[in-house]
1. Below 15 angstrom from the Cβ of Gln60, what's the summed charge of the other residues (Lys, Arg +1; Asp, Glu -1)?
2. Order Lys53, Lys36, Lys20, most accessible first, counting only protein heavy atoms with a 1.4 angstrom probe.
3. What are the ³J(HN,Hα) values, in whole Hz, obtained from phi via the Karplus relation 6.51 cos²θ - 1.76 cosθ + 1.60 with θ = phi - 60°, for each residue of region 57-73 in sequence order, with x given for Gly and Pro?
4. Per the 1.4 Å probe, what fraction of the accessible area of the chain, in percent, lies on carbon and sulfur atoms?
5. Once you charge only the Cβ atoms, +1 for Lys and Arg and -1 for Asp and Glu, what is the size of the charge dipole of the chain about its Cα centre, to the nearest 20 debye?
6. At 222 nm, what value in deg cm²/dmol follows for the chain if DSSP H runs of at least 4 each add -39500 (n - 2.57) and the sum is divided by all its residues, to the nearest 500?
7. Tabulate in residue order the Karplus-calculated ³J(HN,Hα) for region 2-10, using 6.51 cos²θ - 1.76 cosθ + 1.60 with θ = phi - 60°, rounded to whole Hz; enter x for Gly and Pro.
8. Length gain on complete extension for the stretch Cys136 to Thr85, per 0.36 nm per residue less the alpha carbon to alpha carbon distance?
Amino acid sequence: MLSQSQRNAILELHAQGISKREIARVLNVSRLSVRKVLRSQSSALPVLVRPEKAEPYRQQILDLLLTCKGNLVRVHEDLVADGATLSYQALTAFCRRQGIGQTPVVPSGQYHFEPGVEMQHDTSPHEVEVGRKRWCWGRT
């Protein structure tokens, strides 16, 4: 899919009178892509509306997730055994997008540091010799 900047470039180059073939060559895209953008006369990205393949099995997935103890491989095996035509990848992607089987991340705490206050301390052992005297620190 072309980015919005590529679409803008196609429209601008065409407005300058550059041929479709030359635009495609310069931007390293197909002439068909250039034609489609010019037909649409818009640099806006097209919205893709795709139905979720797993949506018809949503309730079954939720039920199986409990009986299979959260194991999506087992959920997929049971769905396929029941006649579902759904790949494992489609199932896991659906569950990720819908937040199924995932616990929300809870922050462990809040830390408020003013600029320059927070610093990392190096606790590794160091040995330095100054004036023929050996200094050691960082050891416990």
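The values are calculated or read from the model by the stated rules, or taken from the named source; none is laboratory data. Computed from a predicted structure; not experimentally measured. With ideal geometry, Cβ positions are generated from the backbone for all residues, glycine too; neighbour counts draw on all protein chains shown. Just the protein is used for accessible areas: all its heavy atoms, side chains included, with ligands, DNA and RNA removed. Shrake-Rupley method; radii C 1.70, N 1.55, O 1.52, S 1.80 Å.
1. -3
2. Largest accessible area first, the residues go Lys53, Lys36, Lys20.
3. Couplings: 9, 3, 5, 5, 5, 4, 5, 5, 4, 6, 5, 8, 6, x, 7, 5, 5 Hz.
4. Roughly 52 percent, rounded to a whole number.
5. On the way: 19 positive and 13 negative charges, 168 e Å.
Result for the chain is approximately 800 debye, rounded to the nearest 20.
6. Values: 6 runs with 61 residues, N = 140.
Using -39500 (n - 2.57) per qualifying helix, the result is -13000 deg cm²/dmol.
7. The phi angles translate into 6, 7, 5, 5, 5, 5, 4, 4, 4 Hz.
8. Result: 11.6 nm gained on full extension.
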